[in-house]
Structure formats: C-alpha cells, structure tokens
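The values are calculated or read from the model by the stated rules, or taken from the named source; none is laboratory data. Computed from a predicted structure; not experimentally measured. Cβ placement follows ideal geometry from the backbone for every residue including glycine, while neighbour counts extend to all protein chains displayed. Ligands, DNA and RNA are excluded from the accessible area calculation, which covers all protein heavy atoms including side chains. Shrake-Rupley method; radii C 1.70, N 1.55, O 1.52, S 1.80 Å.
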Amino acid sequence: AFVSACARRSEFERPVPTEPLDWIEGDDAAQLLEDLHQLEPCGAKNPAPELRVRALVRSAREVKGGHLKLELEHSGRSISGFGPGLGAWAARLGAEVVVVGQLRPDRFRGGGAVEMLVTRFVEPTASR
C-alpha cells in the first residue's frame, strides 16, 4: 500500500508528513527502508517520515547513558529498536506497544538489518 501511494506522487509533489505513517502488517522492514529513501533528501522543508507500528515487546532494557534498547516483533519478524534518552520506559512497557520512530540501517548488526530509532510511544499497554 505504501509503495503504490508513493508511486502515484510526482517528484515535485512530495508529501510533508504531519503524522506518522502506519507500518502495515506484512511490510518488510528492509524494503520499507529502501522505499523511504526515495523521499530524500530530508531536511527542514522535507522532514524525514516517521512510522507508527504496533508490536510485541520481546525485550526492553535501559542501556548506558539512559537509552532504551528494544527487541520488538511485528508481522512475525524481529525489529531492533533504540530510543535515545528513553531508558526509563524499559520498566513501564507492556507486552504490546505502539512505537513511533524512523527506520535506519542497523550498523551494529550489519548485513542489511534495519532498526527503528524510537522517538516516542503511543498507547503503551499495561506492564508485563
């Protein structure tokens, strides 16, 4: 759905996201990241798009510097997440969350792996 929506836009008609785009069930993270690169260059007049994804929390821990490291599951696939300054959320997250952030290459894992740079949570569920 996302790819076809982008294909219908002309090069001069780039969307300026006002709210996060929904990461649809079944969309592949690596393909989605590649598709999002088509919206570049990003900057003040063309902000990088944020994605919203409902996912299961497989692990959440606070790491050095007060940051958050997540392992999420969406569409049966694992998604790594990193939230700068969001470490306090590790103890408060439920079994399922709605995460908002940007996809980026996971340079630590390499091999085409993708991670989500988490900016915020929406509707966190009850504690695990």
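General remarks:
- So ARG52, is it touching a Pro at 6+ places or on another chain (Cβ under 9 Å) and in contact (Cβ under 8 Å) with a residue 24 or more places away in the chain: yes
- Residues in the stretch 43-63 that are more than 17 Å from THR119 (Cα to Cα) and charged (D, E, K, R) were compared, and the one that is least open to solvent (accessible area, probe 1.4 Å) is ARG58.
- Residues that are over 12 Å from the mean Cα position of the chain (by Cα) and open to solvent by 30 Å² or more (accessible area, probe 1.4 Å) within the stretch 89-109 comprise TRP89, ALA91, ARG92, ALA95, GLU96, ARG107, PHE108, ARG109, listed in sequence order.
- A count restricted to the stretch 74-91 and to residues that are closer than 16 Å to TRP23 by Cβ and assigned to a helix (DSSP H, G or I) stands at 0.
- With respect to the conditions (1) of a type in the set (S, T, N, Q); (2) open to solvent by less than 60 Å² (accessible area, probe 1.4 Å); (3) out of contact with any helix residue (DSSP H, G or I) (no Cβ under 8 Å at 6 or more places or on another chain), SER78 lacks only one, and its number is (2).
- Subset of the stretch 19-42 (residues that are open to solvent by 30 Å² or more (accessible area, probe 1.4 Å), of a type in the set (A, V, I, L, M, F, W, C) and farther than 13 Å from VAL53 by Cα): ALA30, CYS42
- Unmet criterion (only one of (1) in contact with a helix residue (DSSP H, G or I) (Cβ under 6 Å, 6 or more places away or on another chain); (2) open to solvent by less than 50 Å² (accessible area, probe 1.4 Å); (3) of a type outside the set (S, T, N, Q)) for HIS67: (2)
For (1) in a strand (DSSP E or B); (2) more than 18 Å from LEU21 (Cα to Cα); (3) in contact with a helix residue (DSSP H, G or I) (Cβ under 6 Å, 6 or more places away or on another chain), each residue gets a yes or a no:
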| site | (1), (2), (3) |
| --- | --- |
| HIS37 | no, no, no |
| LEU56 | yes, yes, no |
| SER59 | yes, yes, no |
| GLU71 | yes, yes, no |
| GLY101 | yes, no, no |
| ARG109 | no, yes, no |
| THR119 | yes, no, no |
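- Selection of the stretch 23-66 for residues being closer than 17 Å to PRO105 by Cβ and polar (S, T, N, Q) yields GLN31, GLN38.
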